[in-house]
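This report refers to the structure that appears directly beneath it.
Derivation of every value follows stated rules applied to the coordinates shown; laboratory data play no part. The structure displayed is predicted, hence computed values, not measured ones. Here Cβ is always computed from backbone atoms with ideal geometry, including for glycine, and neighbour counts include all displayed protein chains.
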Amino acid sequence: MSEHHVEKKKVMRFPRENATLAALDAKALAGIERGRKVNIEVGHIFREIKAEIRRALGHGHWRQHFKDTFVPRGISLRTAQEWMRMARKEKNAESALSASASDSQAEAVRDATEAAKAEEGCRRRLEKRVLDQQFRQLTSDLLRSASWPAARRELIAALDQLQTKLINKRKEEPRADLAA
Amino acid sequence: MRTLLLKADYREAAAKRRGRFPHPLNVAHTIDRDTEVQTSDGRIIAVLLCAVIPSELGKPAYRLWNKVRGVPRNRTMAMGTNSLHTSTNKDGVPSPRSGVHPRVLEVSPARQGILGWKNRDGEMSRLSSEHPEMLSDTKPLIKLVDALYAHHLPAFYALQRAEVKKAPGRLWHTAFSSIYIAKNFRTAYHVDRGNLLGTMTAIMPLGKFTGGELVLPRWRIAFAYKPGDLLFFDPQQLHGNLPFKGKRISAAFYVARQRRGEA
């Protein structure tokens, strides 16, 4: 056997993805994300509590209230302040997201859309007015005509028939409360 | 290339912004160099590559694609307007056809066109039939975009290529079936419904302009891309553009999702 240590030649392998490791990583990341969301939610609640204390007792009572209520449960003031900071940041971001564009193109499209909507509304109102007028005219023509007594009888008969139909239908339908 | 890990997710607040124009205040972070953007669960949602398209490919493409004249009457959300009846018949009754109202089209300089395959039934777009040079003369550019996609996003590329192979039409041997050309189109927040789910869109701006950053409101980020840059991003994410000055064409390379009769 040789005195010299012969170093084994390293075999370079293509790195294979470890499926178990990837799944565990994904699980941990999902958990972290869930935790972050809960922290922000609690941060919002702390902000509300602080505001409520200020309203009820005045300035300077929040820390004492926190020390009495939450510190014994293992939550430090620093942690709470961090959660409140995250909540404030989220609130600011949401209000920033709701900012509306006011550049010339956005304004032009907005104005044109409003004008088009108004035009369409006008058209619909006009259409309704025309139909209403036609209906009123036809009704008054019928009332004045010689055939009105016969038409009246027919109308009453048709309404009676409709009423009977509706009553029968209601009787046939099983009542939901009784069925339950 | 650096990796940007997104922590804050404003999904609900962003969803309310559909059809509204982006405002600079919507953005907390602007990306202007080579970056891979990942969500907190490790999902890649965008990759920005800067100065990867040489001007000798970009400039001829701009000249050719500048001919698009289509009016975006079918893109109500991206136009930042509502779907309204577009005309009335001679009796004054609104036509059943609705879309972007002519009044809105009048005030917008936006024009559009589709190159390649209109859908996955093998139907070629009218623009490609009328101007075949718009595709044939830009073949090297399309091939380069495809190669960059394969290099930087191999997993997405493999999926997209497998899918595009099933379709009757694709742009040569690339992973794309179509190119959407948007000229001077400042879009409001929208999602691209015509794209195959789970694939990326490669978007490339051309022309001479300032502004026009692409904003993803859900993450409060914007991509400040310029001619020569290429952005791969998930088109199912709500996105829109900030205002721009100058002449701008943006070309989006994608795989058409829709077959005839599909929703």
Worksheet, complete the sentence: So, with points 7 Å from each Cα along the Cβ direction, the B:His29-A:Ala151 label distance in nm works out to 7.4
Worksheet entry | Peptide B:104-110, shielding by other chains (average Cβ, 10 Å cutoff) | 4
Worksheet item: In debye to the nearest 20, how big a dipole does the protein assembly as shown give about its Cα centre with +1 on each Lys and Arg Cβ and -1 on each Asp and Glu Cβ?
Response: 380
Practice prompt. Take the alpha carbon gyration tensor of the protein assembly as shown, find the square roots of its eigenvalues, order them as a ≥ b ≥ c, and report rounded if a/c is under 1.5; if not, report prolate when a/b exceeds b/c, else oblate.
Written response: oblate
Item to complete: Would you mind checking the tilt of helix A:148-172 against the longest principal axis of the Cα atoms of chain A, expressed as 0 to 90 degrees and rounded to 10?
Response: 40
Item to complete: Rank-order B:214-225, A:93-104 by packing density, defined as the average count of other C-beta atoms within 10 Å over each peptide's residues, highest first.
Response: B:214-225, A:93-104
Worksheet item: What does the charge count near B:Ser83 come to, summing +1 for each Lys or Arg and -1 for each Asp or Glu among other residues with Cβ under 12 Å from its Cβ?
Response: +3
Worksheet, complete the sentence: Checked the range B:1-75 with the C-alpha gyration tensor, a ≥ b ≥ c its square-rooted eigenvalues, rounded below a/c of 1.5, otherwise prolate if a/b is larger than b/c and oblate if not; verdict oblate
Worksheet item: Which net charge results for the neighbourhood of A:Arg47, defined as the other residues with beta-carbon distances under 13 angstrom from its beta-carbon, given Lys and Arg at +1 and Asp and Glu at -1?
Response: +2
Practice prompt. Taking the Cα centre of chain A as origin, work out the dipole magnitude from +1 charges on Lys and Arg Cβ and -1 charges on Asp and Glu Cβ, in debye rounded to 20.
Written response: 520
Discussion item. Rounded, prolate or oblate, given the Cα gyration tensor of chain B, with a/c below 1.5 counting as rounded?
Written reply: rounded
Practice prompt. Compute the relative contact order of the range A:35-180 as a whole-number percentage, counting only Cα pairs closer than 8 Å that sit 6 or more residues apart in sequence.
Written response: 20
Worksheet item: Taking K and R as +1 and D and E as -1, what net charge do the other residues with C-beta under 14 Å from the C-beta of B:Asp137 add up to?
Response: +3
Discussion item. Could you tell me which residue out of B:His190, B:Leu230, B:Ala162 lies farthest along the dipole of chain B toward its positive end? Charges go on the beta carbon: Lys and Arg +1, Asp and Glu -1, centred on the Cα centre.
Written reply: B:His190
Worksheet, complete the sentence: The size of the Cβ-based charge dipole (Lys, Arg +1; Asp, Glu -1) of the range A:104-148 about the Cα centre, to the nearest 20 debye, is 280
Practice prompt. Kindly rank B:227-239, B:176-188 from highest to lowest mean number of other beta carbons found within 10 Å of each residue.
Written response: B:176-188, B:227-239
Practice prompt. Would you tell me the mean number of C-beta atoms belonging to other protein chains that fall within 10 Å of each C-beta in B:74-83, as a whole number?
Written response: 2
Practice prompt. Over 21 Å between C-alpha atoms is what I'm after, so list which of B:Lys67/B:Lys183; A:Lys50/B:Lys16; B:Lys139/B:Lys165; A:Lys67/A:Lys89; B:Lys139/B:Lys245; B:Lys7/B:Lys226 land there.
Written response: A:Lys50/B:Lys16; A:Lys67/A:Lys89; B:Lys139/B:Lys245; B:Lys7/B:Lys226
